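Remarks on the structure that follows.
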Amino acid sequence: MDMPSLMLILLALLGVISRNNSITIAAVVLLLIRVVNLHQVFPWIEKNGLSLGIIILTIGILSPLASGSISIKELYQSFLHWKSIAAIVVGVLVAYLGGRGALLMSGNPTIVTSLVIGTIIGVAFLKGVPVGPLIAAGILSLLIGK
């Protein structure tokens, strides 16, 4: 068995042990792609996976608006409470950090590996969600001045 497959199996096991479905499913899907010998798909995933993930995440975030679960009145009222205003400010900051992170990751591929390892640890052991690399890269870009 090759090293990438062993790593994916290890990640899947970490996902099962930590009860984190997202890392388990991701590792198993990538392992299946390797097993059925669809290696030509990996460059496409590497190039477009982040954008596709952000699109899916954004669809999930916007779905309460689309379904009508959040009314215009509730949306308007969110600008009137200090917690909601703080949430808006934090949302802007996180989006800014994510943008910086995407630029850093695309310009410094060697940093990506370390960010991914940190994210895997956070997802597997701290019940995190795998949006960490973008924000981590954004924070890192602030720290290293990129």
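The values are calculated or read from the model by the stated rules, or taken from the named source; none is laboratory data. Keep in mind the model is a prediction, meaning the values are calculated, not measured. Here the Cβ positions follow ideal geometry from the backbone for every residue, glycine too, while neighbour counts run over all protein chains shown. Heads up: the accessible areas ignore ligands, DNA and RNA and are worked out on the full protein's heavy atoms, side chains in. Shrake-Rupley method; radii C 1.70, N 1.55, O 1.52, S 1.80 Å.
Residue by residue through the range 97-114, what is 3J(HN,Hα) from phi via Karplus (6.51 cos²θ - 1.76 cosθ + 1.60, θ = phi - 60°)? Round to whole Hz and write x for glycine and proline.
Couplings: 4, x, x, 4, x, 4, 5, 5, 5, 6, x, 9, x, 5, 6, 4, 4, 5 Hz.
Comparing Gly128, Gly53, Gly68, which has the greatest mean-square fluctuation in the GNM of the chain with Cα pairs linked when under 10 Å apart?
Gly68
How big is the dipole moment of the range 15-146 about its Cα centre under a simple scheme where the beta carbon of each Lys and Arg is +1, that of each Asp and Glu is -1, and everything else is neutral? Debye, nearest 20, please. Provide the component values of the computation, followed by the final result.
Numbers: 8 positive and 2 negative charges, 24 e Å.
Here the range 15-146 has a charge dipole of around 120 debye.
If I stretch the segment between Ser114 and Val36 completely, what's the gain in nm (0.36 nm per residue apart, minus their alpha carbon distance), one decimal? Write out the running numbers ahead of the final one.
Working: separation 78, 0.36 × 78 = 28.08 nm, distance 2.81 nm.
Gain in length upon complete extension: 25.3 nm.
So if each residue of separation counts as 0.36 nm, and I subtract the Cα-Cα distance between Trp82 and Ser18, what length gain in nm does that give? Don't skip to the answer; put the middle values down first.
Working: separation 64, 0.36 × 64 = 23.04 nm, distance 3.55 nm.
Computed gain between Trp82 and Ser18 is 19.5 nm.
Could you derive backbone 3J(HN,Hα) for the range 69-75 from the dihedral phi with the Karplus parameters 6.51, -1.76 and 1.60 (θ = phi - 60°), listing whole Hz in sequence and x where the residue is Gly or Pro?
Karplus values, whole Hz, x for Gly and Pro: 5, 10, 7, 4, 4, 5, 4.
In whole percent, what relative contact order does the chain give with Cα contacts below 8 Å and a gap of six or more residues?
Numbers: 97 pairs, mean separation 35.9, N = 146.
It comes to 25 percent, rounded to a whole number.
Would you please give the FRET efficiency between Ile61 and Ser106, computed as 1/(1 + (r/R0)^6) with r the Cβ-Cβ distance and R0 = 25 Å, to the nearest 0.05? Spell out each step's value before the answer.
Values: r = 23 Å, r/R0 = 0.92.
The calculated FRET efficiency here is 0.60.
How large, in percent, is the carbon and sulfur part of the accessible surface of the range 84-146 at a probe radius of 1.4 Å? Can you show the working numbers first?
Working: 2970 of 3770 Å².
C and S atoms contribute 79 percent here.
Short version: ³J(HN,Hα) in whole Hz for each residue of the range 80-91, in order, from phi by Karplus 6.51 cos²θ - 1.76 cosθ + 1.60 (θ = phi - 60°), x for Gly and Pro, what are they?
In residue order, the calculated couplings are 9, 10, 4, 5, 5, 5, 4, 5, 5, 4, 5, x Hz.
What accessible area per residue, rounded to a whole number of Å², is obtained for the range 1-52 using a probe radius of 1.4 Å? Don't jump to the answer; show the numbers that get you there.
Details: 3720 Å² over 52 residues.
Per residue, the range 1-52 has an accessible area of 71 Å².
Taking only protein heavy atoms and a 1.4 Å probe, what accessible area per residue, in Å², does the range 61-131 have with all protein chains in place? Kindly include the intermediate steps, with their values, before the conclusion.
Numbers: 5100 Å² over 71 residues.
I get 72 Å² per residue for the range 61-131.
Name the residue, out of Val35, Val16, Val129, whose mean-square fluctuation peaks in a Gaussian network model built on the chain with Cα pairs under 10 Å.
Between Val35, Val16, Val129, it is Val35 that shows the largest mean-square fluctuation.
Which of Ala26, Ala87, Ala102 moves the most in a Gaussian network model of the chain with Cα springs under 10 Å?
Ala87
Need one word for the range 85-134: rounded, prolate or oblate. Basis is the Cα gyration tensor (sqrt eigenvalues a ≥ b ≥ c); a/c below 1.5 gives rounded, then a/b vs b/c decides.
Numbers: a/c = 4.51, a/b = 1.24, b/c = 3.64.
Taking the square roots of the gyration eigenvalues as a ≥ b ≥ c, the range 85-134 is oblate.
Using R₀ = 30 Å, calculate the FRET efficiency as 1/(1 + (r/R₀)^6) where r is the Cβ-Cβ separation of Asn48 and Leu143; round to 0.05.
On the way: r = 28 Å, r/R0 = 0.94.
Here the calculated transfer efficiency is 0.60.
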